[in-house]
1. Return the FRET efficiency for the residue pair residue 162, residue 63: r is the Cβ-Cβ distance, R0 is 45 Å, and the value is rounded to the nearest 0.05.
2. First check a/c for the stretch 50-97, with a ≥ b ≥ c the square roots of the eigenvalues of its C-alpha gyration tensor; if it is under 1.5, answer rounded, and if not, answer prolate when a/b is larger than b/c or oblate otherwise.
3. In what sequence do 70, 77, 97 fall when counting other Cβ within 10 Å, fewest first?
4. Could you state the number of Å between the C-alpha centres of the stretch 171-191 and the stretch 29-86?
């Protein structure tokens with residue numbers, strides 16, 4: 001197969017390499033997304049309300065789970081407001097703390113997993129387009145094994161990318177529910 005008289009590409013190897021590249025990229029991005037999801041799952045661990053009440057006055061730490069950091073943020077904000085002579089309504093403090101905790105969790109974990117998920121369909125589409133290029137530009141017999149392999153390439157890379165995409169999106173929905181439960185626990189501390 002020749003492009004513009006400048007580049008000659010062997011359709012057989014082009015077909016194989018387009019499949020390898022597409023599948024390697026989608027699988028790598030999926031594994032990266034799953035590893036971030038595992039970290040997010042471990043960060044969004046629950047905690048006993050009595051334990052949260054006992055640690056709420058301590059300094060925040062990077063090792064804190066989501067419920068612990070939420071309790072510490074709420075306690076710290078309430079104490080700062082009380083020392084300043086202005087006591088904000090408790091519901092306002094809880095709502096503001098919820099927003100800070102959700103934004104922190106989303107920025108640290110969920111948004112990155114969504115980004116990985118959203119990269120997958122275009123990469124699968126690239127595999128589809130690469131397979132179609134071989135089919136449409138190869139001048140041999142349309143029913144030969146090369147063309148059938150190109151069709152398989154385009155379908156398999158798209159299927160795999162969409163399967164990974166749906167999996168990561170589902171994981172993100174689960175993580176959002178889990179993070180809300182952890183944040184709710186952290187907001188139950190007494191202040």
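Each value in this text was obtained by applying a stated rule to the coordinates, not by laboratory testing. What you are looking at is a predicted structure, and each value in this text was computed from that prediction instead of being measured. We place every Cβ from the backbone using ideal geometry, glycine too, and count neighbours over all the protein chains shown.
1. It comes out at approximately 0.75.
2. Because a/c hits 1.5 or more and a/b exceeds b/c, the stretch 50-97 counts as prolate.
3. Ordered from fewest to most neighbouring Cβ atoms within 10 Å, 70, 77, 97 come out as 77, 97, 70.
4. Spelled out, the Cα-based centre of one part sits 10 Å from the other.
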